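The values are calculated or read from the model by the stated rules, or taken from the named source; none is laboratory data. It should be emphasised that the depicted structure is a prediction, and the values quoted were computed from it without experimental measurement. With ideal geometry, Cβ positions are generated from the backbone for all residues, glycine too; neighbour counts draw on all protein chains shown.
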Amino acid sequence: MIALPTPPSLDLKGKRALVTGASSGIGQGCAVSLAAAGAHVTCAARGADRLAETVDAMTRTGYAAKALVLDQNDLGALEPVLMDGAFDIVVNSAGLARHTPALDTTPEDYDAVMSVNLRSAYFLSAWAAKAMIAAEKPGSIIHISSQMGHVGGLDRAVYCASKHGLEGMVKAMAIEWGKSNVRINTVAPTFIRTPLSQPTFDNPERAAWIMEKIKLPRPGEVEDIMGAVLYLASGASAMVTGTSLLIDGGWTAG
């Protein structure tokens with residue numbers, strides 16, 4: 001009798017996860033996806049009220065979750081969260097966009113976007129991995145990047161720079177931490193319909209541009225990201241590191 005291969009599992013029971021930017025939109029979806037698979041999820045965000053509503057809804061559903069009010073830009077507050085006992089899974093969904101023509105970009109806008117999208121992401125990754133390695137436990141670090149980390153976009157020079165930088169950072173860190181079984185990847189969505197992005201969809205010109213570039217007949221939804229994050233968090237992706245999972249409806253295909 002032949003031995004069949006063992007199917008991969010998406011079960012996260014017994015795992016501890018941290019999700020930043022978890023109070024709404026994609027981050028909220030990531031937190032729910034991991035919790036539904038059995039992980040205990042620490043949901044972190046700056047806004048206390050919306051975060052409390054999210055965690056209350058999760059616990060009422062039967063998920064294991066707790067709230068952590070955290071400004072990810074405050075590295076002094078971020079470091080102890082990551083170093084005080086290693087998480088098994090860390091998902092960084094915090095991000096900032098300030099879209100202007102490159103000729104109109106101010107140093108203040110540049111610094112603000114880079115600080116959230118790249119600087120805080122760098123040290124979040126380093127401290128998360130340091131704790132995992134010290135605990136001698138495998139781990140998965142996942143960044144919510146963007147299709148704009150692979151292409152350019154109108155009025156998005158600063159945002160693209162931050163996301164291209166994030167993609168390069170992840171590749172280098174994957175090389176460094178692979179032997180310790182710490183994996184790091186990105187999920188790169190197209191335009192996802194959230195309260196934050198709704199003004200873009202409400203602009204007929206912008207909405208037409210989006211649907212011209214997406215090859216599938218609809219924009220992205222938060223649920224489209226949830227499965228990708230669950231896959232990268234679980235043992236089903238045990239050989240996946242240093243890569244970007246594009247959830248872009250074919251935008252970057254050409």
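In the stretch 244-254, what residues are without any contact (Cβ under 8 Å) to a residue 12 or more places away in the chain and under 21 Å from ALA39 (Cβ atoms)?
Pass one, the stretch 244-254, residues without any contact (Cβ under 8 Å) to a residue 12 or more places away in the chain: 254.
Across the stretch 244-254, there are no qualifying residues.
Criterion applied to ALA135, ALA131, ALA102 was being over 21 Å from GLY27 (Cα atoms), touching a Leu at 6+ places or on another chain (Cβ under 8 Å) and not basic (Lys, Arg), and the one residue passing it is ALA131.
For the stretch 33-64, filtered to residues that are outside any strand (DSSP E or B) and among the hydroxyl-bearing types (Ser, Thr, Tyr), the residue that is surrounded by the most Cβ atoms within 10 Å (Cβ to Cβ) is SER33.
Conditions (1) of a type in the set (D, E, K, R); (2) farther than 20 Å from ALA97 by Cα; (3) modelled with pLDDT of 95 or more, marked per residue:
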position	(1), (2), (3)
HIS150	no, no, yes
LYS179	yes, yes, yes
LEU196	no, no, no
PHE201	no, no, no
LYS215	yes, yes, yes
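Count of the stretch 213-243 residues, restricted to those that are more than 24 Å from GLY139 (Cβ to Cβ), hydrophobic (A, V, I, L, M, F, W, C) and without any contact (Cβ under 8 Å) to a residue 12 or more places away in the chain, is 0.
Of the residues THR190, THR194, THR200, which is farther than 30 Å from THR6 by Cβ and within 14 Å of the chain's Cα centre (by Cα)? Break it down into steps so the answer makes sense when it comes.
On the way: THR194 fails: within 14 Å of the chain's Cα centre (by Cα); THR200 fails: within 14 Å of the chain's Cα centre (by Cα).
The match here is THR190.
Just one of the numbered conditions (1) buried (at least 22 other Cβ atoms within 10 Å of the Cβ); (2) touching an Asp or Glu at 6+ places or on another chain (Cβ under 9 Å); (3) of a type in the set (Ser, Thr, Tyr) is not true of SER125: (2).
Of all the listed residues (GLY152, GLY165), the sole one being farther than 21 Å from MET226 by Cβ and without any contact (Cβ under 8 Å) to a residue 40 or more places away in the chain is GLY152. ALA94: surrounded by fewer than 17 Cβ atoms within 10 Å (Cβ to Cβ) and either hydrophobic (A, V, I, L, M, F, W, C) or closer than 22 Å to LEU34 by Cα (or both), yes or no? When the stated conditions are applied, ALA94 does not pass them. For the stretch 30-52, does any single residue satisfy the condition of being among the acidic types (Asp, Glu) and at pLDDT below 95? Taking every residue of the stretch 30-52 in turn, none turns out to be among the acidic types (Asp, Glu) and at pLDDT below 95. Against the criterion of being under 19 Å from the mean Cα position of the chain (by Cα) and assigned to a helix (DSSP H, G or I), VAL229 qualifies. Is it the case that some residue within the stretch 216-225 is more than 25 Å from GLU167 (Cα to Cα), charged (D, E, K, R) and in a loop (DSSP other than H, G, I, E, B)? Checking the stretch 216-225: at least one residue is more than 25 Å from GLU167 (Cα to Cα), charged (D, E, K, R) and in a loop (DSSP other than H, G, I, E, B). Looking only at the stretch 163-192, residues that are out of contact with any strand residue (DSSP E or B) (no Cβ under 7 Å at 6 or more places or on another chain) and either surrounded by 20 or more Cβ atoms within 10 Å (Cβ to Cβ) or farther than 26 Å from TYR110 by Cβ (or both) come to 7 in all. Tell me which residues, restricted to the stretch 11-31, are touching a Lys or Arg at 6+ places or on another chain (Cβ under 7 Å) and surrounded by fewer than 20 Cβ atoms within 10 Å (Cβ to Cβ). The answer is SER24, and nothing else.
Of all the residues that make up the stretch 97-122, how many are over 19 Å from SER197 (Cβ atoms) and surrounded by 20 or more Cβ atoms within 10 Å (Cβ to Cβ)?
Taking the stretch 97-122 and keeping what is over 19 Å from SER197 (Cβ atoms), we get 101-108, 110-111, 114-115, 118-122.
Going one step further and asking which of them are surrounded by 20 or more Cβ atoms within 10 Å (Cβ to Cβ), we end up with 120-121.
So the count comes out to 2.
Only residues that are touching a residue at least 60 places away in the same chain (Cβ under 8 Å), more than 21 Å from ALA174 (Cβ to Cβ) and not charged (D, E, K, R) were counted in the stretch 97-138, giving 2.
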